[in-house]
Amino acid sequence: MAIAPITGMLKRSIIRDITLALSLGAASGSYYWYYMNLPFVQRRQDGQARLEKIQALPDPALAFTPEQLERQRALFKFPE
């Protein structure tokens, strides 16, 4: 009884490796884009819009309530 030769093993393994690498790369890229990059960009745009809104006011101090101003002053106390 003869044993049949094993053919196509290299071709199958190469195709499997390339398919797996492309699939994992696409999944990782999608995860990064939608769960890391887009929220960061949204936060940056929100901050820019808030900054432009404050700069458009005649008196930038009007953008904050007195409690918020006191909290900011307490956080950033500079020696006089």
In degrees rounded to 10, the 0-90 angle between helix 66-75 Cα long axis and the longest Cα principal axis of the chain is 70 degrees
Residue-normalised 222 nm signal for the chain, counting each DSSP H run of n ≥ 4 as -39,500 (n - 2.57), nearest 500 deg cm²/dmol, is -22500 deg cm²/dmol
Over the Cα atoms of the chain the radius of gyration and the largest Cα-Cα distance (Dmax), both in Å, equal 29.1, 97
Between GLU52 and ALA26, the FRET efficiency computed from the C-beta separation at R0 = 25 Å comes out, to the nearest 0.05, as 0.10
For the chain, which trypsin sites (Lys or Arg not before Pro) are in a loop by DSSP, counting at most 14 other Cβ atoms within 10 Å? LYS77
Contour minus end-to-end for TRP33 and GLU67, with contour as 0.36 nm per residue of separation and end-to-end as the Cα-Cα distance? 8.5 nm
Report the residue, chosen from GLN55, GLN42, GLN68, that carries the largest GNM mean-square fluctuation when the chain is represented by alpha-carbon nodes joined by springs under 10 Å. GLN68
Putting +1 on Lys and Arg Cβ atoms and -1 on Asp and Glu Cβ atoms, find which of TYR35, GLN68, GLY47 reaches farthest to the positive end of the dipole of the chain. TYR35
Within 10 Å of each candidate Cβ there may be at most 14 other Cβ atoms; applying that plus a DSSP loop requirement, which chymotrypsin sites (Phe, Trp or Tyr not before Pro) in the range 1-79 survive? PHE64, PHE76
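Rule-based calculations on the coordinates, nothing more; no lab input. Values in this document were obtained by computation on a predicted structure and should not be read as measured data. Please note: Cβ atoms are built from the backbone with ideal geometry, for glycine as well, and neighbour counts cover all protein chains shown.
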